[in-house]
Each structure stands twice: as C-alpha cells, then as structure tokens.
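The values are calculated or read from the model by the stated rules, or taken from the named source; none is laboratory data. Computed from a predicted model, the values in this text were never measured in an experiment. A quick note on method: Cβ atoms are made from the backbone with ideal geometry, for glycine too, and the neighbour counts reach across all protein chains shown. All accessible areas refer to the heavy atoms of the entire protein, side chains included, with ligands and DNA or RNA removed. Shrake-Rupley method; radii C 1.70, N 1.55, O 1.52, S 1.80 Å.
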Amino acid sequence: MTNNKYQFFIFLYMNEQNYPEFTGLELSPRKVDYLKFILEKNGTVKTTEISSCLQVDPSTTTKTLNELAAAGYLNHIPYRGVDLTEMGKEYAEFLVRRHRILSLLLTHYGLSTEEACAEVSRFEAFVSRDAVNKICNSMGHPMVGVCGEISHEKCLHLEQSLHLGHNH
C-alpha cells in the first residue's frame, strides 16, 4: 500500500509539473483547428500559410493568432510567423489525441475512417479532457487510431500502475 501512495504522489507531481490543468473546453472549434494545424507543421508557421490552408481571411487569422498568443498558446515572431509555446504544444497534443480517440470510437460503431474523422471534426471541441480520458481507459488505452498514433499522458500510465495488484 505504501508503494501505491508513493506512486499517487508521483502522479500528482507529474500532473502539476508537466500537464497544466485544462478541461479541453477552453477554445472554440476554430481555435482548435489553428493549434492542431500549427502542431502538424512542427515549427514556425507563416500567417499566410495558415490563412490559405484553413481558408480564413488573413485579417481574421491575424486576430485569432493574437488571441492565442495572448492566452499563452503561441509565440509570435514578427515577420516570420508563429510557433507553439510549451503550453500550446501540450494542449495541441491533447487536441490531436482527443480527435484520434473519438474517431477510433466512432469506427467501432460502424463509421468508416473518413466518416469518423469528419464527424469528430464537427463536435470534438465540446468533449472534455475528463471524458476523453475515460473513453480512452474504457478502450484499453489504444496506441493507434484511424488517423495515426495515439499518445498518452504520463499520468494515465501511472494510474494504470496504481491499479496493478488490485483485484476488481
């Protein structure tokens, strides 16, 4: 039992140190698209590229990027573009994880890969981190979804180790 208490405190410490508390509901669906796009590009992204790929007016893109930067998700590099802050990267990784888990879930109910991705894109911004973690847990923490590899938060692996040795 002492070992489990120790692991629980490691879980709390790691969660506090590495994963800012967020619900997954902080951003609008459009801002979710921006962060996922920037994460996918893996570096500095020009405003014009974001506008073009997301089919958004450049002035709207600039406004949205400024809002995301003010909230701490992005660094704005004048005349170069934007990149993710550490917090922005962690949040964007969650957004990708959420999309992949929810898409995989829908394929279990008969939707094709394409249908699942399209359907999830319509509602994913309204699914909380807690719900995603519970769905992931109920699915056995899958490693691969229909859209790619599924990453897992460190605390989930520790949560699993807390349950080792317990008979339910």
Taking the stretch 52-63 and keeping residues part of a helix (DSSP H, G or I) and over 11 Å from residue 38 (Cβ atoms) leaves 52, 58, 59, 60, 61, 62, 63
Flagged in the stretch 114-142 as loosely packed, with under 12 Cβ neighbours inside 10 Å and in a helix (DSSP H, G or I), in numbering order, are 114, 122, 123, 126, 130, 134, 138
> Does residue 59 qualify as being without any contact (Cβ under 8 Å) to a residue 12 or more places away in the chain and open to solvent by less than 70 Å² (accessible area, probe 1.4 Å)?
Replying inline: no
Screening 68, 104, 111, 95 for residues that are open to solvent by 10 Å² or more (accessible area, probe 1.4 Å), touching a residue at least 24 places away in the same chain (Cβ under 8 Å) and not β-branched (Val, Ile, Thr) leaves only 104
Considering residues that are within 28 Å of residue 150 (Cα to Cα) and part of a helix (DSSP H, G or I), the number found within the stretch 68-103 is 20
